[in-house]
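For reference, the structure discussed in these notes is given below.
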Amino acid sequence: MNQDQIAGNWKQLKGKVKQQWGKLTDDDITKLEGHQDELVGKIQERYGVAKEEAEKQIETFRAANKDIWPN
């Protein structure tokens, strides 16, 4: 995957993350770029869920968007 593809995927992914977790701000999402562990923390903070629940939500989201969020 080249840099243009990665950048395009990130733009798509940001939009989908915002749809899934609307309480995350654009600034939150920008700061999270490529850092799943930080996304877990932000979901915990904004939604008041346990770490395990946040991780479960992310894995479900990732599976549904595997075309733009590869392992």
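Where a number appears in this text, it was derived from the coordinates with a stated rule and is not lab data. A quick note: this is a predicted structure, and the numbers were derived from the prediction, not measured. Neighbour counts run over all protein chains shown; Cβ positions are idealised from the backbone, glycine included.
Annotation note: Cβ proximity below 6 Å between a residue of the range 7-24 that is polar (S, T, N, Q) and a residue that is surrounded by 13 or more Cβ atoms within 10 Å (Cβ to Cβ) (sequence gap 6+ or interchain) occurs for N9/I68; Q12/I68; Q20/F61.
Total residues in the range 9-28 satisfying the condition of being within 19 Å of K66 (Cβ to Cβ) and in contact with a Lys or Arg (Cβ under 8 Å, 6 or more places away or on another chain): the figure is 1. Within the range 38-56, the set of residues being more than 15 Å from V17 (Cβ to Cβ) and of a type in the set (K, R) comprises K51, K56.
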